[in-house]
Amino acid sequence: MTLRPDIVELQARARADMRMGVPVVFGLDDQAAVIGAAETLTPDRLADLRGVGDPVLAITTRRAETLKARAYSDHVARVVIPADARCEWVHNIADPANDLAMPMKGPLATRRDGDERLARAAITFCKAARLLPAAVLVDLTEGPDFAAKHGLTYLDAGAAHDVMHTTSPLSPVVSARLPVEVSEAGRLHIFRPEDGGEEHYAIEIGRPNREAPVLARLHSACFTGDVIGSLKCDCGPQLRAALAAMGEEGAGVLLYLNQEGRGIGLANKMRAYSLQDQGFDTVEANHRLGFEDDERDFQVGADILKRLGFHAVRLMTNNPKKVAMMEAKGVHVAERVPLKVGESAHNAAYLATKAKKSGHLL
């Protein structure tokens, strides 16, 4: 029988459960834990978890630094949840929205001993689910039995590790002719990752020569900039300028990657915007949320280009890291084509931060 889900499919199920607030069970060697995403935790579920054991809250070292909590690790901090702490306490540790209005009293007690690998896996899954990177864990003795008894998804974190930390293979779904403003000779390709993640798109302009470097752009989805014309970033103008350049040249390929907000998702991006309104720059805001500067996986773009038959590009970007990544993944960058458009009074500080802290060539 092949009806049983494999490790990739179980991961997709676990991500969906965590988004809905349903706990999951992770196992690793002789360890196990029941895990709930902090963002979707409810008072009833917290009470249920306390009935199982003593919960801890796993947060990233970036978030721990903001809260002045000792991580005892380069990857994760395991904060002890006080016996009298309510669900709001957990939410306030995970979400920096009220850090300035209601600073933490602390000091926060954190675990130093014990294996942290399940806590790290929980953080990885929260990020993959586009949730705040914080999770509540309670240790178990019999993970599979506990999961079966309570109808919860069980995931072998050891088997899942390699899959969690690699780019999911992509499969082409469909392509069709799509006339667009810059060229009537347009074609849209849809690619779907095997891990149940969001689909990615390739917009092909004209009939690019596969034997020569193609004018290309790796563009991360930006609902606010691309769709509703946000002035807080330069994404919309970059998208339109890149397509216009391809139209003028008569050929090109634009990859539209569903990695909103540098890979943290639209909801977390809006949380970062809210923190920027409090005076933090874009990098500081991401760190306070518990994320790195940039959580995107640009290997997706390299994979799509190769699937389409392209092995060399003239890459439209201001980000040298994209150039280095493409080269490392087997796509030769014959030329970096600057794309400096869209600066305004509303995004000048944002662009300055990208140049100063993220190395963009502006």
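A few remarks follow.
- Cross-link partners for Lys306 among the aspartates and glutamates, with Cα-Cα distance under 15 Å and sequence neighbours closer than 8 places in the same chain left out: Glu204, Glu211, Glu327.
- Remark: relative contact order (the range 35-102) = 35 percent; criterion is Cα-Cα distance under 8 angstrom and separation of 6 or more residues.
- Protection-proxy order for peptides 137-143, 306-312, each taking the mean of Cβ atoms within 10 Å per residue, highest first: 137-143, 306-312
- Surface analysis of the chain yields an accessible area of 48 Å² per residue, using protein heavy atoms and a 1.4 Å probe.
- Packing, taken as the mean count of other beta carbons within 10 Å per residue, orders the peptides 313-321, 328-336, 245-253, 58-66 from highest to lowest as 58-66, 313-321, 245-253, 328-336.
- Alpha carbon centroid spacing (whole Å) that separates the range 296-362 from the range 154-189: 19
- Whole-number D in µm² s⁻¹ for the chain, Kirkwood Cα-pair radius fed into Stokes-Einstein, 37 °C, 0.692 mPa s: 149
- HN-Hα J in Hz across the range 283-290 - Karplus 6.51, -1.76, 1.60, θ = phi - 60°, x for Gly and Pro: 6, 4, 5, 4, 5, 5, 6, x
- The order of the peptides 173-183, 12-22, 214-224 by mean Cβ neighbours within 10 Å, most packed first, is 214-224, 12-22, 173-183.
- Rounded to 10°, Cα long-axis angle of helix 235-249 versus longest principal axis of the chain: 30
- All-pairs Cα distance distribution in the range 134-231, expressed in whole percent, bin size 10 Å: 11, 26, 26, 17, 13, 7, 0
- Shown for the chain: the carbon plus sulfur share of the solvent-accessible area, taken with all protein chains present and a 1.4 angstrom probe, equals 51%.
- The alpha-carbon atoms of the range 220-327, seen along their principal axes, cover 44, 26, 20 angstrom, with the largest extent given first.
- Note on surface exposure: His189, His91 rank His91, His189 by accessible area, highest first, 1.4 Å probe.
- Taking the chain and dividing mean pair separation by its residue count, relative contact order in percent (alpha carbons under 8 Å, at least six apart): 17
- Set of aspartates and glutamates near Lys149 by C-alpha distance (under 18 Å), chain-local residues within fewer than 8 positions excluded: Asp17, Asp48, Asp139
- For the residue pairs Lys232/Lys356; Lys127/Lys232; Lys68/Lys269; Lys127/Lys356, the alpha carbons lie more than 21 Å apart in Lys127/Lys232; Lys68/Lys269; Lys127/Lys356.
- The alpha carbon centroids of the range 11-72 and the range 120-145 are separated by 5 Å.
The values are calculated or read from the model by the stated rules, or taken from the named source; none is laboratory data. The structure presented is a predicted model; accordingly, all values stated were derived computationally and were not measured. Cβ atoms come from the backbone with ideal geometry, glycine included; neighbour counts cover every protein chain shown. To get the accessible areas, we keep the full protein, side chains included, count just its heavy atoms, and leave off ligands, DNA and RNA. Shrake-Rupley method; radii C 1.70, N 1.55, O 1.52, S 1.80 Å.
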